[in-house]
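First comes the structure, then the notes that go with it.
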Amino acid sequence: MSIEGSISKDFYEGSSSSSSPQASGGSSHGSTTPSRYESQKRRDWNTFCQYLKNQRPPVPLSHCNSNQVLEFLRYLDQFGKTKVHIQGCMFYGQPEPPNPCTCPLRQAWGSLDALIGRLRAAYEENGGSQETNPFASGAIRVYLRDVRECQAKARGIPYKKKKKKTTSTSQPKGGGDDQESSSTSMMHFVP
């Protein structure tokens, strides 16, 4: 199977499938079945390592930096399923376009953000230091922010940064119910 087939299959199987012997029937060592998150993290890590090996020339993990991570994220776009309207498209900025168009399919920002979170954790679990983690670099955060903003504009749904929930007991002016409910569903990307 080609790297494209392997990566797209692994990336799209997501956490709904598992190829580990533990998840499919248990282990003779008595260890527990890995969680869906752990299984997905392992698949993502193996996929990224395979991507590095298939580069010409191959890139050793010890030489991996944010440039290779950004190239990997751009490479994954070809397997995306999210329609992202380009600025010249007549449906640019419309949340629910009435007709199909020829705009490209891309990876959704949320999928990329979750992928980077898993790869960041896997890097450190596989012996990489926190200080040299290419998945935690500022360039990756900037790329993800740009993807999020671009996709939000293309859909006509602006991203509004939500304020962090304060630990004080005083309520902000105008009541705190609205802020309370919005902060509980907020996703955080911790640098």
If we keep just the residues of region 57-78 that are farther than 19 Å from residue 146 by Cα and within 21 Å of the chain's Cα centre (by Cα), which is surrounded by the fewest Cβ atoms within 10 Å (Cβ to Cβ)? 65
Going through (1) closer than 19 Å to residue 141 by Cα; (2) in a loop (DSSP other than H, G, I, E, B) one by one, residue 117 fails only at (2)
Only one of these conditions is not met by residue 132: (1) under 23 Å from residue 37 (Cβ atoms); (2) of a type outside the set (Gly, Ala, Ser); (3) open to solvent by 70 Å² or more (accessible area, probe 1.4 Å). Which number is it? (1)
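Could you look through region 130-139, keep only residues that are part of a helix (DSSP H, G or I) and under 20 Å from the mean Cα position of the chain (by Cα), and pick out the one that is farthest from residue 70 (Cα to Cα)? Can you show your working first?
First, pick out the residues of region 130-139 that are part of a helix (DSSP H, G or I): 130-132, 134-136, 138-139.
Filter once more, so that each one left must be under 20 Å from the mean Cα position of the chain (by Cα): 130, 132, 134-136, 138-139.
Details: 130: 18, 132: 16, 134: 10, 135: 9, 136: 12, 138: 11, 139: 8 Å.
Among them, the one singled out is 130.
To keep it simple, each residue is scored yes or no on (1) at pLDDT 95 or above; (2) in contact with a Leu (Cβ under 9 Å, 6 or more places away or on another chain); (3) open to solvent by 90 Å² or more (accessible area, probe 1.4 Å); (4) in a helix (DSSP H, G or I).
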| residue | (1), (2), (3), (4) |
| --- | --- |
| 128 | no, yes, no, no |
| 141 | yes, no, no, yes |
| 145 | yes, no, yes, yes |
| 152 | no, no, no, yes |
| 159 | no, no, yes, no |
| 163 | no, no, yes, no |
| 168 | no, no, no, no |
| 187 | no, no, yes, no |
| 190 | no, no, yes, no |
Please name all residue pairs, on different chains or six or more residues apart, with Cβ atoms under 8 Å, provided the first residue is in region 54-82 and is farther than 22 Å from residue 127 by Cα and in a loop (DSSP other than H, G, I, E, B) and the second residue is open to solvent by 20 Å² or more (accessible area, probe 1.4 Å) and among the charged types (D, E, K, R). 80/106
Here the qualifying pairs (Cβ atoms under 6 Å; residues six or more apart or on different chains; first in region 98-119 and modelled with pLDDT of 95 or more; second crowded, with 20+ Cβ neighbours inside 10 Å and of a type in the set (Lys, Arg)) come out as 118/41
Checking residue 102 against (1) open to solvent by 80 Å² or more (accessible area, probe 1.4 Å); (2) among the hydroxyl-bearing types (Ser, Thr, Tyr); (3) within 14 Å of the chain's Cα centre (by Cα), only one condition comes out false. Which one? (3)
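I'd like to verify a number: residues in region 97-147 that are among the acidic types (Asp, Glu) and within 19 Å of residue 75 (Cα to Cα), how many? I'd like the intermediate steps shown before the answer.
First, pick out the residues of region 97-147 that are among the acidic types (Asp, Glu): 113, 124-125, 131, 146.
Filter once more, keeping what is within 19 Å of residue 75 (Cα to Cα): 113, 146.
Adding up the residues that qualify gives 2.
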Residue 91 fails exactly one of (1) hydrophobic (A, V, I, L, M, F, W, C); (2) assigned to a loop (DSSP other than H, G, I, E, B); (3) touching a residue at least 40 places away in the same chain (Cβ under 8 Å), namely (3)
Contact list please: Cβ distance under 8 Å, first residue in region 20-46 and closer than 24 Å to residue 120 by Cβ, second residue at pLDDT 95 or above and among the aromatic types (Phe, Trp, Tyr), pairs at least six apart or on different chains. 45/123
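The values are calculated or read from the model by the stated rules, or taken from the named source; none is laboratory data. Worth saying up front: this structure is predicted, and the values here are computed from it rather than measured. Reconstructed Cβ throughout: ideal geometry from the backbone, glycine too, with neighbour counts over all protein chains shown. What goes into the accessible areas is simple: the full protein's heavy atoms, side chains included, and nothing from ligands, DNA or RNA. Shrake-Rupley method; radii C 1.70, N 1.55, O 1.52, S 1.80 Å.
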